[in-house]
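The structure under discussion appears below in the form of structure tokens.
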2 protein chains.
Amino acid sequence: MRSRKRLLFNAFSMNCVSHIHHGLWGRADTRQLEYTSLDAWIDLAKTLEKAKFDSLFLADVVGVYDVYKGGPETSISEAMQIPVNDPTLLIPTMAHATEHLGFAYTGSILAEHPFNFARRASTLDHLTDGRIAWNIVTSYLPSAARNLGFNDLPKHDDRYDRGDDYLAVLYKLWEASWEGDAVVRDRERGIYADPAKVHTIDHHGPYYEVPGPHLCEPSPQRTPLLFQAGSSDRGREFAARHAECVFILGSGRRELIADIRKRAAKHGRRDDDIKICLGVSLVIGGSEAEAQAKARDLEQTLSLEAGLAHMSGHLGVDLGDVDPDRPISDFEFNGVLGFLKSFAAREPDKTLTFGDLARRQLSGNWIVGSDEQIANKLQSLGEDGADGFNLVYATTPGTFVDFIDGVAPILKARGLMQTEYDPGPLRQKIFGDAHLSDRHPGAAFRRI
Amino acid sequence: MRSRKRLLFNAFSMNCVSHIHHGLWGRADTRQLEYTSLDAWIDLAKTLEKAKFDSLFLADVVGVYDVYKGGPETSISEAMQIPVNDPTLLIPTMAHATEHLGFAYTGSILAEHPFNFARRASTLDHLTDGRIAWNIVTSYLPSAARNLGFNDLPKHDDRYDRGDDYLAVLYKLWEASWEGDAVVRDRERGIYADPAKVHTIDHHGPYYEVPGPHLCEPSPQRTPLLFQAGSSDRGREFAARHAECVFILGSGRRELIADIRKRAAKHGRRDDDIKICLGVSLVIGGSEAEAQAKARDLEQTLSLEAGLAHMSGHLGVDLGDVDPDRPISDFEFNGVLGFLKSFAAREPDKTLTFGDLARRQLSGNWIVGSDEQIANKLQSLGEDGADGFNLVYATTPGTFVDFIDGVAPILKARGLMQTEYDPGPLRQKIFGDAHLSDRHPGAAFRRI
């Protein structure tokens, strides 16, 4: 039997009360209300590390979902990604309580100047001994842009052009400013670093002018492991160039995976230079019946209102006027509602309402099953091209604990989940090398 | 005997190798090389808390000192505030390891947009249970401005005007956006917060347009305790308006203290609304002779080169051409070199050289003495108007440990240093109330 490739497992969370499956925060079996407690985050990190998860992946958004019904009221009432606290400030404490777990965090190129962002990322990489990943986002909420000094959200493609320039600054700071042997720490001669080996970067780009040098000495990974989640044409192109891990949440996966790999190849990158991680929502039981009962119980408390507010923000279209009881036969699922078509197509015989569809979207189209069924499903997604998963919680740490207790042992027995951590920084654990691959565009900025 | 007012004690440090007294990082009796180790920072925080320090005060600079000899070479070679890592990322871990110690951090209004800055500060205040202070700086290094997207450093007074607008945004986000009873966490009805009590701020200022609302629910202090260190005319005015603690490093203290209190009174603030903390460098021994021997030993390893690079950056004048062996009688200590006049005046009989003066500046004009002598000196500075001190280290934690073992017990016996922490957030420990005083300008932004 040929040895199977191991899959990556990341826990998906956010420094807020309600992340994806809204309406559940008030349940007694979830710790979402403890989002400002470092103890709760430390417990989660230790739980994940004990089970050999690759990382905890923290989403973020710097803005409020205010499209639904023309304002932020529903989001605020439902704690739907507001309040939302800074994710980076959780990481060092969790890293100090663990030894191997990685920490991916989301950061928008609109939120911070690259010179300052580069320093913060390097500081995190130092403090975690090289266990950080950055999920590059270009923002999609007009609210974020307005609050951050952009009159309005820059146009979609323009945001990616800005992203390319932002990353050029970062690569130069992280990879080119300090040579590998610049830091000598010579106590006898009183020389900490050799100034001849610390360089300005003199970046003059279309968006940024940054002379440098970088303020930090090289951290274990230099460039943090790079995640990206683009799915538009320009977003895929951006991911194919920069991402080492691509995070896909939603449908149309096979085509998207194939397309990103094809685009990456044009940039001289190989299939195994990019790991594809699928977002999956799992409801797990010892038996299928138990799992189904659990799903029905969760669905009782899901909030349709919050789901529609979330969706409206993503789409940029106010779904507040749509009657949830209208049958879907009334709709043409084109344009922005096109993503609902696949849900409708799956159950052609039923008289579904718009609310039914929205609820399915809200539950993240979750996969419900026994430990073995879930393990089989993940294995089959792996055989279909996925390299790993971001596990979306319904309750936290409940969903992760269910996975760890029931599914993980099966996956480990099949060689699909690691049973020990490899040594070294996060990139080394995943790709075998602490530093960017020579085929990555960031490597081109290195000094020879 | 009337009860004496207790003084504040803050340890002054920075997330870098060499902070103030340069050239000492290579000594065996200092942990400066461990600046990327969370364990070293946790040890320091625990040591300070055990001795009932009020806070650990972290300096910062987002740029490199590159004026001396026309470039950053000396700074890089001497680790003179480069490398310099982000200070905020150290704080949650130290807070988790302690219960009462405060954490002041320095942040420049040029480094980050106020909308994002406000969220980061609120996150810190949540994670530390209200134990943070922000030292407001407006940047003085042209290198910082150039790297952060300003073509050059904005003019001095303009930076303070920008600072006023920046703080107006912050006060509105922290004090006015979320009402005190906005967060209800009603599990039964599924309501986290009452949208009618969460407000946009609709700020239209000369520098910033920020609609809001704030992304964070109210943290224990809302506005972090505010430190400021302005000494210019405009800087004093800024401090007199905004600062709750003023940090003074250098000479001319009496006049400066009186002037800031006078200006504050014009804004309707009382003398006891503002605490004045003096930066002091202490070399402490069991006896005076022991302290003097310690000072001579430290002076052996002080680096004049690094000191001149630091001074050149502060002054904006390259001191690289000045011959350190020239007697000071050759100089007119006017203009940028005026600050050296007080050093020269103190020892009129000696034939001092420029290098001698620079070395005194470099040693922070340290106070050398026995435990009792140091305690007397601090008491007398307190009687002269100081409300507390930022202790500058020569070696870390050595300087702090010397103070804790020898001086602190004397001060505590005299009622000049707290022996127990008061309960509550940092501002409550110092001013008796967790929130801004009604006389502070930030309070004017509150909703009634």
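The values are calculated or read from the model by the stated rules, or taken from the named source; none is laboratory data. Just so you know, these numbers come straight off a predicted model, no measurement behind them. Neighbour counts run over all protein chains shown; Cβ positions are idealised from the backbone, glycine included. Quick note on the areas: whole protein, heavy atoms, side chains included, nothing else; ligands and nucleic acids left out. Shrake-Rupley method; radii C 1.70, N 1.55, O 1.52, S 1.80 Å.
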Which residue is it, in chain A, whose C-beta lies closest to the A-to-B rotation axis, and what is that distance in whole Å?
-> A:T93, 2
Degrees between helix A:233-242 axis and first principal axis of chain A (Cα, 0 to 90, nearest 10) | 40
Which lysines have a Cα less than 17 Å from the Cα of A:K52, not counting those fewer than 8 places away in the same chain?
-> A:K5, A:K412, A:K429
Using only Cα positions of the range B:172-236, each an equal point scatterer, no hydration layer, compute I(q)/I(0) via Debye at q = 0.17, 0.20 Å⁻¹ and quote the log10 values to two decimals.
-> -0.73, -0.88
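Could you work out the Rg to Rh ratio of the range A:68-133, with Rh taken as the Kirkwood radius (inverse of the mean 1/r over all Cα pairs)? Provide the component values of the computation, followed by the final result.
On the way: Rg = 15.4 Å, Rh = 13.9 Å.
Radius of gyration relative to Kirkwood radius: 1.11.
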How large is Rg over Rh for the protein assembly as shown, taking Rg from the Cα atoms and Rh as the Kirkwood inverse mean of 1/r across Cα pairs?
-> 0.99
What accessible area per residue, rounded to a whole number of Å², is obtained for the protein assembly as shown using a probe radius of 1.4 Å?
-> 37
Any residue on another chain or 5+ positions along whose placed amide H is under 5 Å from the amide H of A:G102 is listed here as A:S55, A:L56
So what is the relative contact order for chain B, in percent, with contacts set as C-alpha pairs under 8 Å and at least six apart?
-> 23
Calc'd 3J(HN,Hα), the range A:434-440, phi into Karplus 6.51 cos²θ - 1.76 cosθ + 1.60 (θ = phi - 60°), Hz, glycine/Pro = x, comes to 5, 10, 3, 4, 4, 7, 6
Compare each residue of the range A:87-103 in its chain alone against the assembly with all protein chains, and report those whose accessible area goes down by 20 Å² or more; 1.4 Å probe, heavy atoms.
-> A:L89, A:P92, A:T93, A:H96
Can you list, shortest first and in nm, the gaps between the label point of B:G205 and those of its counterparts in the other copies, using a point 7 Å from Cα in the C-beta direction?
-> 2.8
Over the range A:1-156, what relative contact order in percent results from Cα pairs under 8 Å that are six or more residues apart?
-> 24
Roughly what angle does helix B:371-383 make with the longest principal axis of chain B, taking Cα atoms, 0 to 90 degrees, to the nearest 10?
-> 60
Label-point gap, in nm, between B:K197 and B:S232 - each point 7 angstrom along Cα→Cβ | 4.4
Got a number for carbon plus sulfur as a percent of the protein assembly as shown's accessible area, 1.4 Å probe?
-> 48
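Over the range A:188-251, what is the mean sequence separation of C-alpha contacts under 8 Å (at least six apart), divided by residue count, expressed as relative contact order in percent?
Values: 48 pairs, mean separation 13.3, N = 64.
Over the range A:188-251, the number comes to 21 percent.
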Give the nm distances, rounded to one decimal, from A:D271 to the matching residue in every other copy, measuring between label points 7 Å along Cα toward the beta carbon; shortest first.
-> 8.0
Chain-alone versus full-assembly comparison, the range A:114-146, residues with accessible loss of at least 40 Å² (1.4 Å probe) = A:F115, A:N116, A:R119, A:R120, A:T123, A:H126, A:L127
Any idea what angle helix A:288-301 forms with the longest principal axis of chain A, computed on alpha-carbon atoms, 0 to 90 degrees, nearest 10?
-> 90
Overall dimensions of the range A:1-68 as given by Cα atoms, namely Rg and Dmax in Å | 15.4, 53
List the residues of the range B:210-251 whose accessible area drops by at least 40 Å² when all protein chains are present, compared with their chain alone, using a 1.4 Å probe and counting only protein heavy atoms.
-> B:P211, B:P213, B:L215
Going residue by residue through the range B:260-269, the Karplus relation 6.51 cos²θ - 1.76 cosθ + 1.60 with θ = phi - 60° gives ³J(HN,Hα) values, rounded to whole Hz and with x marking Gly or Pro, of 5, 5, 5, 5, 4, 4, 4, 8, x, 9
Between B and A, buried accessible area summed over both sides at probe 1.4 Å, in Å² to the nearest 100?
-> 6000
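Treating only the Cβ of Lys, Arg, Asp and Glu as charged (+1, +1, -1, -1), what charge dipole size does the range B:23-90 show about its Cα centre? Round to the nearest 20 debye. Before the final figure, lay out each step's value.
Working: 6 positive and 11 negative charges, 41 e Å.
With Lys and Arg at +1 and Asp and Glu at -1, about 200 debye.
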Starting from the amide H of B:S18, placed 1.01 Å from N in the peptide plane, find each other amide H under 5 Å away whose residue is 5 or more places distant or on another chain.
-> B:Q81, B:I82
For B:I191, other-chain or 5+-apart residues with amide H closer than 5 Å (H placed, Pro excluded) are B:D186
Quick one: longest stretch of chain A between exposed loop GluC sites (Glu not before Pro), exposed meaning at most 14 other C-beta atoms within 10 Å and loop per DSSP?
-> A:189-331
What are the label-to-label distances in nm, one decimal and shortest first, from A:S380 to the same spot in the other copies, with labels 7 Å along Cα to Cβ?
-> 8.5
Can you work out the base-10 log of I(q)/I(0) for chain B at q = 0.11 1/Å, using the Debye formula on its C-alpha atoms alone?
-> -0.89
How many angstrom lie between the C-alpha centres of the range A:180-197 and the range B:188-255?
-> 40
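What is the diffusion coefficient of the range A:21-166 in µm²/s, taking the Kirkwood radius over Cα pairs and the Stokes-Einstein relation at 25 °C with a viscosity of 0.890 mPa s?
On the way: Rh = 16.9 Å.
The diffusion coefficient I find is 145 µm²/s.
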Considering only B:F12, B:A95, A:G130, whose Cα is most displaced toward the positive end of the charge dipole of the protein assembly as shown, charges sitting on Cβ of Lys, Arg (+1) and Asp, Glu (-1)?
-> B:A95
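Tell me, rounded to the nearest percent, the portion of alpha carbon pairs in the range A:124-233 spaced more than 21 Å apart. If you can, show how the numbers build up before the last one.
Details: 3064 of 5995 pairs.
In whole percent, the long-distance tail amounts to 51.
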Accessible-area value, A:K377, 1.4 Å probe, nucleic acids and ligands omitted, Å² | 80
